[in-house]
Amino acid sequence: MNGFISRGFGGHRRVPEELADRLPPGQYVESGFPVLTAGPTPKVDTADWTFRVDGMVGQEREWTWEEFGQLPFEDVPCDIHCVTKWSKLGTTFRGVPVDVLLDAAEPLGAYAVQYSYGGYTTNLPIEDLMDGKAWVVTEHEGEPLPREHGGPARMLVPHLYFWKSAKWVAGLRVMDHDEPGFWEERGYHEYGDPWKEQRYWND
Amino acid sequence: MERLTPVEQKAPGRWQVATVAAIKPETPQVKSFRLQVPMWMAHLPGQHYDVRLTAPDGYQAQRSYSIASSPLEKGEIELTIDRLADGEVSPYFHDVVVEGDQVEVRGPFTSYFVWRGESPVLLVGGGSGVVPLMCMMRHRRLTMPELPMRLVYSVRKADDVIYADVIAEAGVDSGIGFVCGSNAFVETASQLLLDAGFDPQQIRTERFGPTG
């Protein structure tokens with residue numbers, strides 16, 4: 001801290017004490033679910049939808065919507081943190097653990113790129129998708145995931161800023177190196193840990 | 001196109017203390033704040049700054065605001081801020097900040113919703129979504145005034161027109177489209193552009209967060 005004080009600023013959106021340790025620095029609590037998307041919202045029909053795991057894998061895998069529905073789903077209660085400063089606490093998605101998808105494909109690289117219908121990409125170390133830290137979700141609060149929030153299916157990686165959870169996700173590409181995705185090329189942080197406030201390139 | 005002033009995206013600067021040089025009321029709910037920025041860096045038209053307020057006990061609030069001024073206006077940025085009734089940072093700017101005050105800022109940030117001189121250009125703004133588009137218009141006027149650029153600007157009532165001194169003209173054109181406003185506005189407007197034959201890759205959108 002540099003000791004700067006904003007003249008006449010009191011701050012009235014303080015977080016209740018019981019929630020304070022769930023709110024990363026620089027974030028505020030938002031009860032709604034804002035929509036922030038680069039470009040128009042893609043239309044993805046479940047009849048055409050597939051999810052792939054490809055790249056550096058022992059065996060490329062692809063699931064249709066129907067096949068995907070046969071995989072083990074679980075409820076995922078979590079807090080989500082958007083780099084544009086809002087956080088949504090205590091919200092529940094439902095989906096398939098990424099562990100299940102990766103195990104089926106035998107990943108051989110240490111990095112992954114999520115890619116989406118519409119062309120969006122985001123990168124992360126593959127270990128951030130493992131051990132119960134990431135899901136491909138198709139429901140939010142008991143309802144099918146709305147299109148504007150990434151329906152029919154989006155990635156959910158709640159321990160990173162939410163741009164690391166690709167909407168309209170079409171697959172994962174396993175890589176032997178870290179390759180910047182859409183926002184990572186355009187000024188947002190390579191990794192994006194909200195607790196370290198890794199928002200932009202030199203954070 | 002390098003015909004316009006080339007501006008490279010760099011890693012943005014650290015937090016710095018800017019001084020409010022001028023405040024201009026645009027509408028009853030909107031004011032423009034001209035800030036003198038000591039470690040100024042040229043921005044790409046469409047980029048934003050983060051603003052951080054700190055209370056005496058250390059409590060902080062941060063928000064992002066689009067830049068309305070051209071990067072040719074060196075050493076300064078203009079942030080145009082819509083007062084949100086239930087907001088925390090925008091009412092502070094409207095009700096507390098006076099000329100000469102200091103505010104912490106950091107930027108400029110991100111290079112997706114940016115204009116690098118592509119043409120022809122269609123700008124579609126809803127309410128205060130016109131702010132980053134104004135930066136593009138001002139920069140064009142200073143550099144390539146003959147370059148084809150059109151603005152479609154939607155407001156709820158006549159009083160809500162920001163930058164009333166700038167003439168907006170409607171029109172549909174091919175080329176690149178920038179759409180900025182509330183989510184509902186952007187959804188509808190970008191769908192209309194798709195229907196009009198725009199390539200999805202040539203439509204760049206910026207959406208407001210919580211309000212909609």
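Please treat every number below as a calculation from the coordinates, not as lab data. Keep in mind the model is a prediction, meaning the values are calculated, not measured. Glycine also receives a Cβ, built like all others from the backbone with ideal geometry; neighbour counts cover every protein chain displayed.
Structural size metrics of the stretch B:16-109, computed from C-alpha coordinates, are Rg and Dmax of 12.5, 38 Å. Fewest neighbouring Cβ atoms within 10 Å first, the residues A:Trp183, A:Trp168 line up as A:Trp183, A:Trp168. Computed over every Cα-Cα pair of the stretch A:14-68 and binned at 5 Å starting from 0, the pair-distance distribution P(r) comes out as 4, 12, 12, 11, 11, 12, 11, 16, 9, 3 percent.
Label sites at A:Ala104 and B:Arg14, each approximated as a point 7 angstrom past Cα along Cα to Cβ, lie 4.9 nm apart. Between helix B:183-195 and chain B there is an angle of about 20 degrees, using the helix long axis and the longest principal axis of the Cα atoms.
Counting other beta carbons within 10 Å of each residue's own, what order do A:Glu17, B:Glu99 fall into, fewest first?
Numbers: A:Glu17 7, B:Glu99 11.
Fewest to most other Cβ atoms nearby, the residues stand as A:Glu17, B:Glu99.
In what sequence do A:His159, B:His139, A:His12 fall when counting other Cβ within 10 Å, fewest first? Don't skip to the answer; put the middle values down first.
Details: A:His159 16, B:His139 25, A:His12 13.
Ranking A:His159, B:His139, A:His12 by Cβ neighbours within 10 Å, fewest first, gives A:His12, A:His159, B:His139.
Beyond 17 Å, the tail of the calculated P(r) for the stretch B:121-207 holds 44 percent of the Cα pairs. The separation of the stretch A:168-196 from the stretch B:103-170, counted between C-alpha centres, amounts to 30 Å. Counting, for every residue in B:49-58, the Cβ atoms of other protein chains within 10 Å of its Cβ and taking the mean gives 5.
Listed by chain and number, the lysines placed with their C-alpha closer than 16 angstrom to that of A:Lys85 are A:Lys164, A:Lys196; residues fewer than eight positions away on the same chain are left out.
What separates the Cα centres of the stretch B:18-34 and the stretch A:60-98 is a distance of 43 Å. Compute the acute angle (0 to 90°) between the alpha-carbon long axis of helix B:130-143 and the principal axis of greatest extent of the alpha-carbon atoms of chain B; round to the nearest 10°. Relative to chain B, helix B:130-143 is tipped by roughly 70 degrees. For A:Lys133, a cut-off of 16 angstrom between C-alpha atoms picks up these aspartates and glutamates, skipping any fewer than 8 places away in its own chain: A:Glu74, A:Asp75, A:Asp79, A:Asp99, A:Asp103, A:Asp193. In this rough spin-label picture, where each label sits 7 Å from Cα along the Cβ direction, the A:Leu19-A:Asp75 distance is 2.0 nm. Diffusion coefficient of chain B by Stokes-Einstein, Kirkwood radius over Cα pairs, 10 °C, 1.306 mPa s: 90 µm²/s.
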